[in-house]
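I have placed the structure first, in the form of structure tokens, so that the comments after it can refer back to it.
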Amino acid sequence: MKTDGFTLITLLIFSSAVSSCIRDSLPECPPESYGFQVVFTYDTPRGARSFDPDELKVAYLYLFDRNGNYLKTIPFQNPELNRHYPLNLELPAGEYEFVVWFNQSEIFNVSSYNSNETLGDPLRHDDILALNIPPEGYITSVIPLILYGNMENIPITGDRLQTVEIPLEQNTNTINVTVKGLPQTGHRYFHTITDHNGSETFLNKPARGRDFSYVAPMSVKSEAPDLFSSLRVLKLYEENHPRLMLWDQTDRRELYPGNSGLPDDLIRLILDKYPDVDFLTTHLFEVILVYNTDMSVTVDIRCWNDLDTNYEIEPD
């Protein structure tokens with residue numbers, strides 16, 4: 001009988017606890033979570049844009065409530081940009097904002113919008129993703145592909161078939177430089193781009209930053225005597241006036257623009273050739289510098305956007 005009495009008491013306590021959690025007014029009852037799926041997409045009018053899977057290392061999905069309050073961060077290793085490979089999540093019913101950044105943890109610190117305090121996670125939308133720039137002000141390593149997406153006021157309804165689709169945009173540009181006609185003297189040359197686009201708000205808006213330079217060595221391409229280099233840079237903004245330079249390290253002098261009278265403003269060079277270029281969908285640019293025997297120089301620009309299927313650049 002003692003055992004039966006103990007069992008009865010235990011059942012009564014358990015029943016009371018369960019019934020108390022049914023009452024919505026009690027704060028100790030956790031809200032019920034509902035399963036749904038998330039997919040990341042990058043579509044163009046010609047179909048889905050593909051990326052090298054090795055470039056898609058990690059995606060950080062940041063969740064905010066309907067009032068913009070940060071809730072949590074969910075990392076996804078080797079994410080897929082494919083509707084057939086959704087990510088499964090659970091959240092209580094309600095409206096949410098979804099913000100995703102691909103690969104940003106490799107090169108950015110999260111900083112408070114009103115101080116230099118480094119944060120583990122964003123506290124508000126105005127917090128800053130600040131590029132890790134070496135003290136000397138030069139970035140010589142290859143920065144990763146950066147993608148961003150944001151969906152606001154998304155209701156989680158409890159429908160197990162619900163899918164939240166987050167379209168992405170690319171936050172990096174590739175600038176290739178080909179140099180023709182330089183005398184073969186064995187000099188070392190570098191291609192640099194100077195900008196101050198090293199900071200973005202958490203919602204992908206430009207924030208004030210200091211000048212720094214991306215630097216890449218020029219090398220011989222294939223059998224031709226032409227020199228070639230490639231730089232991946234953060235998103236180009238017209239108002240930043242990023243500057244292009246060709247540097248002769250051996251003679252320690254600027255070759256381009258040098259005394260040519262040509263502009264070093266990369267955006268101006270692009271817009272002079274392509275006044276209607278859409279920087280939101282155009283991420284690959286080539287600058288071709290052709291030197292004559294008297295070392296005068298001409299410049300040409302080519303670009304490829306997300307609608308182009310062939311991204312291989314083969315200069316004439």
**Asked** Of all residues in region 167-191 being over 21 Å from the mean Cα position of the chain (by Cα) and among the polar types (S, T, N, Q), which is farthest from Leu289 (Cα to Cα)?
**Response** Thr185
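Would you please name the residue that is nearest to Tyr34 (Cα to Cα), looking only at residues in region 115-145 that are of a type in the set (S, T, N, Q) and touching a residue at least 12 places away in the same chain (Cβ under 8 Å)?
Result: Asn132.
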**Prompt:** Inside region 122-146, can you point out the residues that are within 17 Å of the chain's Cα centre (by Cα) and of a type in the set (D, E, K, R)?
**Reply:** Asp126, Asp127
**Message:** Can you confirm whether Asn109 is outside any strand (DSSP E or B), polar (S, T, N, Q) and either at pLDDT below 85 or within 26 Å of Arg49 (Cα to Cα) (or both)?
**Reply:** no
**Request:** Only strands (runs of 3 or more DSSP E) wholly contained in region 168-283 count here; list those with 1 or more residues that are β-branched (Val, Ile, Thr).
**Result:** 172-180, 189-195, 199-201, 212-217, 227-234
**Asked** Could you say whether any residue in region 294-309 is surrounded by 15 or more Cβ atoms within 10 Å (Cβ to Cβ), among the hydroxyl-bearing types (Ser, Thr, Tyr) and either over 19 Å from Tyr189 (Cβ atoms) or at pLDDT below 95 (or both)?
**Response** no
**Message:** For region 257-292, give me each residue that is free of Cβ contacts under 8 Å to residues at least 60 places away in the same chain and over 29 Å from the mean Cα position of the chain (by Cα).
**Reply:** Pro257, Gly258, Asn259, Ser260, Gly261, Leu262
**Request:** Please determine, by comparing only the residues of region 173-189 that are buried (at least 19 other Cβ atoms within 10 Å of the Cβ) and touching a Phe, Trp or Tyr at 6+ places or on another chain (Cβ under 6 Å), which one is nearest to Asp265 (Cα to Cα).
**Result:** Ile175
**Request:** Taking Arg160 as meeting all but one of (1) in contact with a Gly (Cβ under 9 Å, 6 or more places away or on another chain); (2) touching a residue at least 60 places away in the same chain (Cβ under 8 Å); (3) assigned by TED's automatic domain parsing to the domain that holds Ile267, write down the number of the exception.
**Result:** (3)
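The values are calculated or read from the model by the stated rules, or taken from the named source; none is laboratory data. The structure presented is a predicted model; accordingly, all values stated were derived computationally and were not measured. A quick note on method: Cβ atoms are made from the backbone with ideal geometry, for glycine too, and the neighbour counts reach across all protein chains shown.
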